[in-house]
1. Could you work out the relative contact order of region 362-477, using alpha carbon pairs under 8 angstrom and six or more residues apart, expressed as a whole percent?
2. Placing +1 at every Lys and Arg Cβ and -1 at every Asp and Glu Cβ, with all other atoms neutral, what dipole size does the chain have around its Cα centre, in debye to the nearest 20?
3. With an 8 Å cut-off on Cα pairs and a minimum separation of 6 or more residues, tell me the relative contact order of region 2-354 in percent.
4. Report the calculated FRET efficiency for ALA416 and VAL28 (r = Cβ-Cβ distance, R0 = 51 Å), to the nearest 0.05.
5. Given the C-alpha centroids of region 78-152 and region 374-395, what is the distance between them in whole angstrom?
6. Can you tell me how much longer the chain between ALA347 and ARG151 gets when fully stretched, taken as 0.36 nm per residue apart minus their C-alpha distance, in nm with one decimal?
7. Mind checking which helices in the chain clear 20 Å along their axis (Cα) and have mean Kyte-Doolittle hydropathy of 1.0 or more, DSSP H runs only?
8. When Lys and Arg each count +1 and Asp and Glu each count -1, what net charge do the other residues less than 9 Å away from ARG467, Cβ to Cβ, add up to?
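Throughout, read-outs are computed from the coordinates displayed, never taken from laboratory work. Just so it is clear, the structure is predicted and the values come from calculations on it, not from any experiment. Heads up, the Cβs are rebuilt from the backbone with ideal geometry, glycines too, and the neighbour counts pull from every protein chain shown.
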Amino acid sequence: MEGCEDSGARRVAIVATSVAAALVLRLVFFQGVWGSDDLHHLRYALEWDRLPANQWEARLLFNGSLWLSIRAFGTGEMAYALPSLMGSLLAVGSTAWCAMHFGGRRAGLFSGLIAASLPIDVLHATVPVAMPCAAGLAAFGTAVWATARSRFAFAATCAAFALAGLVHWAVWFYVAALCAGSFCSASSAWERWRAIRVGLGSCAVFVVLELGLFWAIAGDPLYELHVIGSQHVTPTLANQDPRTWIWLLEPLGLALFSKDFGPLLAIAAVAGFVARRRLHEALRGFSLAIPFLWFWIGYGTQWPTVYLPLKLMRFAHPAILPLSVLVGVLLARTNRGGSWATAAIAATSVALVASSGSWGQHVEITKAFLPYVQSHPQTRFLADRQSLLEVFVLSGGDGLDNLSWWDDPPPADGAALALLDNSLSRESWDARWLAGETLFTTDPEYRLIGRLLPEAWGRYSEWFVRRPEARIVRVDQRADAPPR
C-alpha cells in the first residue's frame, strides 16, 4: 500500500512539475492584450449589454469566463489573461497525466515539459483569446478518452469536447481528426464503434448546448451560425488559392518546421510511423490524427459553402496533447538520449518564443503613448480605430475624453491637435492631416533573442526589431483634404 501511495504521490509530483514549468514560462513571456481577436472578446465582456455581432463575440462560453474574471479580479491584463491561462495549464497537466498512463513517470515528465514549452501555447496562454481555453478542454477530453473505458469517462469526454467546441468551433477539426485516427488504428470492431460513439456523442452534446443557449438569449437557435456565416465570404490570401505554388508547398514546409510547433510535428510523424507496431492502440490513433489534422489545415476548408483553407498552424493548437504524448513516450523508451532530446526540443521552443516578432506590438506602442495623452488633457489626440479599441479595453471600458478617430470632424473648440502615429497601424492618416513637430517618441524594442547576441546584430539588423519607434506629432488639417 505504501508503494502505491508513493507511486501516486510521484505521479502528482510529475504533473505539478510540468504545470509549474508551464506557469513560469507563461509568466516570464507574459503577453497580455495583443490587439487582435482579443479586442473583440474584451469589448464584449466589458460591455455585456447586447447580442453578439461577430464571430468573436458569439463565443459566449469564453466571453462569459472573461466577464467572470473581470468581475472577480477587476480590469487588468492579468485578469483578462486568466481564462486562457487556466486552459493552458489544464492542457499541460492533462498531457503529463496521459503520458504517464502509457509510459510511466519518465514519459510523463518528458511530455509535460514538451507541452509546457511549445511556442503556440506559451505565446497564446496569457492572451485573452478563446483557443487556449478550448485546447485545454480538448486535451482533458483526449486524456480521459485515451486512459479510461467507463461510462463516466465516455460522458466526461463528450462533455469536454462539446464545451471545447462551444469555446471555439475550430476544435471540431481536431475532434474529427482524432476520431478518424482512432477509427483507422482500431484493432477491433468495438474500438471502431467507440471512436464513432465519441464523435457522435460529442456532437450531440454540443448541438443541445449550442442551440439551447442561443434560443434562450436570442430566440434563434442558429444565431451563431448566421453570424459566422456572414463573415466567411471569399479567400483573400495567395496561400488560399489552389492555383498557386504557395498553396501546395506552404503546408509541407510547416510540417517540417513552424514557429508554432518548431520541429515537433515532423518528429511526431516520423517517430510515430517508425515505431507504429510498438505503440499502444491509443498512441497509434494519435500518430494518425496528427497528419489528418495537418492535411485539413493545409488543404481543407474552414467553411462548407466556399473553399476557404485555414492555412494557419494555430488551428492545430488542440493537438498539443497527442503531439507531446507521442514524442514523450517514445523518448522515454530510449536508454540514452531521451533527456537530451527533450531538453533540445524544449530549448528550441523557448528560442522560438524569444524570437517573436511584431505581432501584438501595436498595443505596446499604444501603452507607451497613454501616459503622454493622459498628461495633456487640453490637447485633442487623433488615432486609428485599433488604438481607440485598445485604449478602451486597457482602461477597463472607460476610454479617454481627449482621444478620437482621426477621420472624425475636428473639434470646434479650437483645441490643439496631435496624432498618434503608430508605425504598426494598418490605416493611413497622411491624406487628411499635415504633420508638424514631433511631441513624443517611443523607443524601439528588440526581439528578446537579440539581447543574447552581439549588440551590433540587434541594433543594425532590421529583423531583430520587434517594435519600431513611433511618435506623437502635432497636426493641422490639409487645405486640400478629401471630403468626409
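1. Over region 362-477, the number comes to 30 percent.
2. 2260
3. Answer for region 2-354 is 22 percent.
4. Using R0 = 51 Å, I get an efficiency of 0.75.
5. Cα centroid of region 78-152 versus Cα centroid of region 374-395: 37 Å apart.
6. Here the segment from ALA347 to ARG151 would lengthen by 66.5 nm.
7. Helix filter hits for the chain: 130-147, 151-167, 171-185, 189-218, 338-354.
8. -3
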